[in-house]
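Just below is one structure, and these are the notes that go with it.
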Amino acid sequence: MSTPPQIFDKRLYARRRARAAKTMDDAGFLHRRAMEDIVERLEIVQRRFDVAAFDGAGELISMLTAPCEIGETISMDAAPARLPHQGPRLAADAEALPFAPQSLNLFVSLLTLHTANDLVGALAQARMALKPDGLFIAAVFAEETLAALRRAFYAAEAEIVGGVSARIAPFAAIQDYGQALSRAGFALPVVDVDKVKVTYDEPIRLLRDLRGMGETNMLASRPGPLRRDVLMRAMTLFTEAGGTEQFEIVYLTGWAPHESQQQPLKPGSGKISLKDAIKGAS
């Protein structure tokens with residue numbers, strides 16, 4: 001079995017997540033938004049989850065409500081500093097899950113899987129950790145995230161240096177996430193997207209937000225330090241283009257297979273919504 005290419009430096013990923021632990025209250029607005037959405041989805045399901053694992057949620061597990069009907073909550077994160085202060089906690093990466101097969105009723109990933117070197121493998125591990133008819137929900141960044149900033153960096157480097165570098169890591173396309181869910185063996189896979197636009201009066205604040213979230217460049221093959229004149233030019237180009245950045249948050253939902261589940265409609269039928277899919281599998 002071949003080893004997947006190591007696109008992301010996972011040790012650097014853990015260090016930067018740890019560094020951002022103290023700034024998430026201010027910079028983690030996207031994480032809070034995603035967690036709010038996940039809580040709403042869990043409230044719709046109307047079933048009890050005796051054992052649930054949350055990857056990357058940290059203190060945001062406090063947002064869980066009684067209608068979510070969750071019993072034991074296990075928190076995990078690649079960076080121990082991002083773990084909540086209370087409850088069962090595990091320092092672990094999504095690509096090396098420590099859970100026994102069929103030990104969970106629910107697995108939630110909050111904005112962590114976009115840095116997986118083997119996305120299908122990580123999803124398959126989550127599926128195997130779920131009991132039959134267990135639920136998987138993940139929020140991930142998709143390809144249109146940081147598109148404006150990427151264009152500004154490319155244009156600035158091309159203008160000043162005469163070439164471009166990968167200053168922002170690539171994000172998977174929405175359809176790729178859907179295919180990964182199916183390849184990992186999930187039943188009733190559903191993918192939907194939330195496009196969040198944020199306007200920055202001071203473009204440097206965008207960079208501070210990314211650092212504050214722990215989402216700066218974590219590519220295994222990173223370019224050298226960014227020249228100050230290139231950075232300033234990129235910020236100018238970003239502002240001239242409108243100063244608005246988009247974050248594309250994709251939600252992945254799937255179920256561990258079980259004989260009681262309804263059969264999905266044929267591809268392209270488009271007759272089942274996310275809400276109906278969750279209710280139908282309840």
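Here, each number is a calculation from the coordinates, and none is a lab measurement. This structure is a prediction, so every number in the text was calculated from the model and none was measured. Counting neighbours? That spans all protein chains shown, and the Cβs are built from the backbone with ideal geometry, glycine included.
Observations, loosely collected:
- Positive minus negative residues near Ala79 (Lys, Arg vs Asp, Glu; Cβ under 15 Å): +3
- Rounded to the nearest Hz, the phi-derived 3J(HN,Hα) couplings of segment 7-20 under the Karplus curve 6.51 cos²θ - 1.76 cosθ + 1.60 (θ = phi - 60°) are 6, 10, 8, 6, 5, 5, 4, 5, 5, 6, 5, 5, 4, 8, where x marks glycine and proline.
- With only the Cα atoms considered, the chain has a convex hull volume of 141 Å³ per residue.
- Simple label model, 7 Å out from Cα along Cβ direction - Arg47 to Ser182, nm: 2.3
- MRE, 222 nm, helices only [DSSP H, n ≥ 4, -39500 (n - 2.57), over the chain, to nearest 500]: -10000 deg cm²/dmol
- Scattering profile of segment 1-135 at q = 0.20 Å⁻¹ [log10 I(q)/I(0), Debye over alpha-carbon scatterers]: -1.28
- Computed across segment 173-254, the Kirkwood radius stands at 15.5 Å (inverse of mean 1/r, all Cα pairs).
- In segment 63-151, one over the average inverse separation of all distinct C-alpha pairs is 14.5 Å, which is the Kirkwood hydrodynamic radius.
- Charge dipole of the chain (Cα centre as origin; +1 on each Lys and Arg Cβ, -1 on each Asp and Glu Cβ, all else neutral): 480 debye, rounded to the nearest 20.
- 0 to 90° range, to nearest 10: angle between helix 204-213 axis and the chain longest Cα axis: 30
- For segment 102-257, the share of alpha carbon pairs falling in successive 5 Å distance bins from zero is 2, 9, 16, 19, 16, 12, 10, 8, 5, 3, 1, 0 percent.
- Net charge of Cβ neighbours under 11 Å - reference Asp176; Lys, Arg +1; Asp, Glu -1: 0
- Computed over the chain with a Gaussian network model linking Cα atoms closer than 10 Å, the most mobile of Arg211, Arg151, Arg16 is Arg151.
- Computed over the alpha-carbon atoms, segment 129-199 gives an Rg to Rh ratio of 1.15, Rh here being the Kirkwood radius from the mean inverse distance.
- Kirkwood radius, segment 3-70, all distinct C-alpha pairs, inverse of mean reciprocal distance: 14.1 Å.
- For segment 63-149, the dipole from Cβ point charges (+1 on Lys and Arg, -1 on Asp and Glu) about the Cα centre works out to 220 debye, to the nearest 20.
- When only alpha carbons of segment 222-263 are considered, Rg and Dmax amount to 21.8, 61 Å.
- Choice from Arg82, Arg205, Arg15 showing the highest fluctuation, given a GNM over the chain with Cα pairs closer than 10 Å: Arg205
- For peptides 100-111, 56-67, sequence by mean Cβ density within 10 Å, most packed first: 100-111, 56-67
- Note on the chain: with a GNM built from Cα contacts shorter than 10 Å, the maximum mean-square fluctuation among Asp25, Asp133, Asp201 falls on Asp201.
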